[in-house]
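To start, the structure itself, in structure tokens.
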Amino acid sequence: MSDVDEDVVLSDVEREDEADPSGVEEDEKVQVCHLTKETISKGLSLLCRTGNRLGHAFVKLDLKDKLNDISAISSYIHIRFLDVSNNHLTDLSPLASLTHLLWLKVDNNAVACFKGQPFAQLIFLQWLSVAVNQLTDVDGLVVPALESLNLTGNAIQKMNGFQSVCFANLLTLELRGNQLETTDGINLPNLRHLYLSQNAIKRLEGLEKLERLTILHLRDNQLDSLEGLSPSMKHLQYLNVRGNAITDENALKHLDLVAKTLQALVLSENPVAETLDYRQNVLIHAPQLQRIDKEAVSPEERMEARGRIRELQEEETSEP
């Protein structure tokens, strides 16, 4: 899947207007519960054959009971789909024995680190969400088969842990609502979708390593330039930099580097978007665009932009 179709792009444009996913109202203090077999039995569902095909077991488990310890879960080795969100968990090591896990949600807990690499043995885990926890880095997070990772709403400041040796199959990475100041540190050449909105990113760096990226979402950061876009990004189709600080029309020239594949660009709520002939100036640098700020490019706009491109080319050739 090296490309992204129209529906994918549209769904991403729609999600950019969602409320901040990291903004969670503080719950009233409640009594912390201890995990028991009875609690586990109430959360079990989805009866399926076991991995060895010799028996049956429930493979889905939902646990949302204000738990602070899930040690009792370690013997339920047939679980494939597990939701332990909205608890008070700090230690995920009991999950290491659930080697059949495919899907895991740990949102709204108190996880601050991945001590002991709790997921390294989960060789089938494909989808993981640890949104709205207390992570400051991803040291110890190793998930070989993972395809989708959501770390929205933490306090991550650097992305140095995102290396292909730890995430060889990762396609989608969500880091919205963290404390990142740069895009540098991601070395995942197979990554397709990257969501970095609501950070404090000032610089685009290291993007040349993301050769197969199709979606790059950078809404509500502190960018004043598009410098850092790379010609190595040969599959980029959707770029969202809405709500940044891009003021200079010269910043648009960096679109030349990804113009061959770029289909949709969102630049609204930047000062440059208020300038005269803004859409035409964008099309001069990215003439293949189908949409600018959610609005389709009209045939008239495209024709005017082509005429302006010819004028600029003639001016260049006539210069002594």
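Can you pull out every residue in segment 234-262 that is modelled with pLDDT of 95 or more and in contact with a strand residue (DSSP E or B) (Cβ under 8 Å, 6 or more places away or on another chain)?
Passing the criteria: Leu236, Gln237, Tyr238, Leu239, Asn240, Val241, Arg242, His254, Leu255, Leu257, Val258, Leu262.
Within segment 185-202, can you find the residues that are in a loop (DSSP other than H, G, I, E, B), buried (at least 18 other Cβ atoms within 10 Å of the Cβ) and modelled with pLDDT of 95 or more?
Passing the criteria: Leu191, Arg192, Leu196, Ser197, Gln198, Asn199, Ile201.
Suppose we keep only residues that are at positive phi and at pLDDT 70 or above within segment 17-70. Which one would you say is farthest from the chain's Cα centre (by Cα)?
Leu46
With Leu276, Leu312 as the choices, which residue is farther than 17 Å from His217 by Cβ and either part of a loop (DSSP other than H, G, I, E, B) or at pLDDT 95 or above (or both)?
That would be Leu276, the only listed residue that is farther than 17 Å from His217 by Cβ and either part of a loop (DSSP other than H, G, I, E, B) or at pLDDT 95 or above (or both).
When you check Arg219 against the structure, is it assigned to a loop (DSSP other than H, G, I, E, B), in contact with a Lys or Arg (Cβ under 8 Å, 6 or more places away or on another chain), modelled with pLDDT of 95 or more and buried (at least 17 other Cβ atoms within 10 Å of the Cβ), yes or no?
yes
Only residues that are of a type outside the set (Phe, Trp, Tyr) and farther than 20 Å from Arg219 by Cβ: list them for segment 160-184, please.
Across segment 160-184, the qualifying residues are Asn160, Gly161, Gln163, Ser164, Val165, Cys166, Ala168, Asn169, Leu170, Leu171.
Go through segment 247-257 and report how many residues are buried (at least 20 other Cβ atoms within 10 Å of the Cβ) and either farther than 18 Å from Arg219 by Cα or in contact with an Asp or Glu (Cβ under 6 Å, 6 or more places away or on another chain) (or both).
1
The values are calculated or read from the model by the stated rules, or taken from the named source; none is laboratory data. What you see is a predicted model; the values in this text were computed from it and never measured. Neighbour counts run over all protein chains shown; Cβ positions are idealised from the backbone, glycine included.
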